[in-house]
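Right, one structure below, let's go through it.
The values are calculated or read from the model by the stated rules, or taken from the named source; none is laboratory data. What you see is a predicted model; the values in this text were computed from it and never measured. Because the Cβ atoms are built from the backbone with ideal geometry, glycine has one as well, and the counts that use them run over all protein chains shown. Side chains included, ligands, DNA and RNA excluded: accessible areas come from the protein's heavy atoms. Shrake-Rupley method; radii C 1.70, N 1.55, O 1.52, S 1.80 Å.
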Amino acid sequence: MFRAASWAFRGLRRSSVPLSARMSSNRADRSCALAEKVAVITGSTKGIGFAIARRLAEDGAHVVISSRKQQNVDRAVAELQGEGLSVTGTVCHVGKAEDRERLVATALEHCGGVDFLVCVAGVNPLVGSTLGASEQVWDKILDVNVKSPALLLSQLLPHMENRGTGAVVLVSSMVAYVPIPKLGVYNTSKTALLGLCKSLAVELAPKGIRVNCLVPGIIKTEFSQVVRISFCSPTPAPRFGEPEECAGIVCFLCSPDASYITGKNIVVAGYSPKL
Ligand SMILES: NC(=O)c1ccc[n+]([C@@H]2O[C@H](COP(=O)([O-])OP(=O)(O)OC[C@H]3O[C@@H](n4cnc5c(N)ncnc54)[C@H](OP(=O)(O)O)[C@@H]3O)[C@@H](O)[C@H]2O)c1
């Protein structure tokens, strides 16, 4: 159960914004599909992750926001709390073990458990040939995009499985199916996530935890700016997507309505005949 008293501010590098003490909110009253559930979301202070955080909270979940920069966490938490939503936040660079530990500790301290993990954080530091990529670039992309969801989930698993049911959503990309030239290492990392989704779904099914993968097309965020300008036209899509268009499907995948869906890759990419 949630411990209202623990919504008080404690800890060192957590958001300086006062934590929400609401057990429900006006906005959350819109739907109670996820009431009393706790969602941990990586890379959730901007873009797709932020839209998912808002939507999960609107549907009644208590949401733990996170990303690398304290000021981004503070801003995102303040914005959603200002909308009457039940959120808290902490700094978490998903590639750092100590940050992942703090994210787990924050969720447990404030919410007493975790029902949903949504792994949004992803990086692409390289535009260039796959074979020209340095070992350092390979390590960075694989650490953040592929290894961190598995490592974070392994830390959260004991706290998720004792809730009886749970859901994990990984965030891949359409580049897993239709590679974009010069993004080879990133393309590869996002393809690996499709395999990770299947393997985890098989392993965790007996524990009542479902694992699915969101596969966005090109979505209008800071992250996709270079791709939108340099490599892709929206035709015949016939437009780029909005972050909010990825959020509803994640809420559905976490909800009881998706209780018989696991190990699936769900594409959100408009009309994309190659997918
Ligand atoms: N936009 C697209 O077209 C598109 C398409 C397919 C898939 N995706 C995937 O969707 C995910 C989110 O992309 P987006 O477009 O929403 O990007 P975005 O708008 O740039 O937001 C990225 C978010 O992740 C955080 N972040 C970045 N690196 C992180 C790290 N190492 N650890 C923790 N948090 C980190 C950022 O905050 P801080 O700077 O504070 O860390 C920010 O909150 C990525 O995995 C991306 O590969 C995007």
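Observations
- Taking the accessible area of the chain, probe 1.4 Å, and keeping the other protein chains in place, the carbon and sulfur fraction comes to 58%.
- Computed E for Ile229/Ile261 - FRET, C-beta separation, R0 45 angstrom, nearest 0.05: 0.80
- This model, with +1 at the C-beta of Lys and Arg and -1 at the C-beta of Asp and Glu, gives the range 20-273 a dipole about its Cα centre of some 400 debye.
- Sequence-ordered 3J(HN,Hα) estimates for the range 77-94 from the Karplus curve with 6.51, -1.76 and 1.60 and θ = phi - 60° stand at 5, 4, 4, 6, 4, x, 8, x, 9, 9, 9, 9, x, 8, 6, 8, 7, 5 Hz, glycine and proline given as x.
- Taking amide H as placed 1.01 Å from N in the peptide plane, Lys37 has its amide H under 5 Å from the amide H of His62, each at least 5 places away in sequence or on another chain.
- Cβ crowding within 10 Å averaged over residues, with 46-53, 215-222 ranked highest first: 46-53, 215-222
- Nitroxide proxy distance, nm - points 7 Å out along Cα→Cβ at Lys198 and Cys32: 4.1 nm
- Square roots of 5 times each gyration tensor eigenvalue, C-alpha, the chain, largest first, Å: 29, 19, 19
- Ranked by how many other beta carbons lie within 10 Å on average, peptides 198-205, 127-134, 142-149 from highest: 142-149, 198-205, 127-134
- Computed extension length for Thr165-Lys69: 31.4 nm, one decimal, from 0.36 nm per residue of separation with the Cα-Cα distance subtracted.
- Of all the options Ala57, Ala105, Ala167, the one that moves most in a Gaussian network model of the chain with Cα springs shorter than 10 angstrom is Ala105.
- Estimated [θ] at 222 nm from DSSP helical runs (n ≥ 4, -39500 (n - 2.57)) normalised by residues in the chain, nearest 500: -11500 deg cm²/dmol
- Degrees, to the nearest 10: 184-204 long Cα axis against longest axis of the chain: 50 degrees
- Distant-in-sequence amide H partners of Glu83 (H built 1.01 Å from N, under 5 Å): none
- Shown for the range 20-273: lysine pairs separated by 8 or more places, or found on different chains, whose C-alpha atoms are under 12 Å apart, numbering 6.
- Positive-end residue, the chain charge dipole about Cα centroid, Cβ charges, pick of Val146, Cys254, Ser86: Val146
- Net lengthening on full extension, Ser129/Ala205 (0.36 nm per residue, minus Cα-Cα): 23.5 nm
- With all protein chains kept in place, the per residue accessible area of the chain amounts to 44 square angstrom at a probe of 1.4 angstrom.
- Efficiency of FRET between Phe252 and Ser154 - r from beta-carbon atoms, R0 22 angstrom, step 0.05: 0.30
- Counting only alpha carbon atoms, the long axis of helix 47-58 and the longest principal axis of the chain meet at about 30°.
- Rounded to the nearest 10 degrees, the angle from helix 244-254 to the longest Cα principal axis of the chain is 60 degrees.
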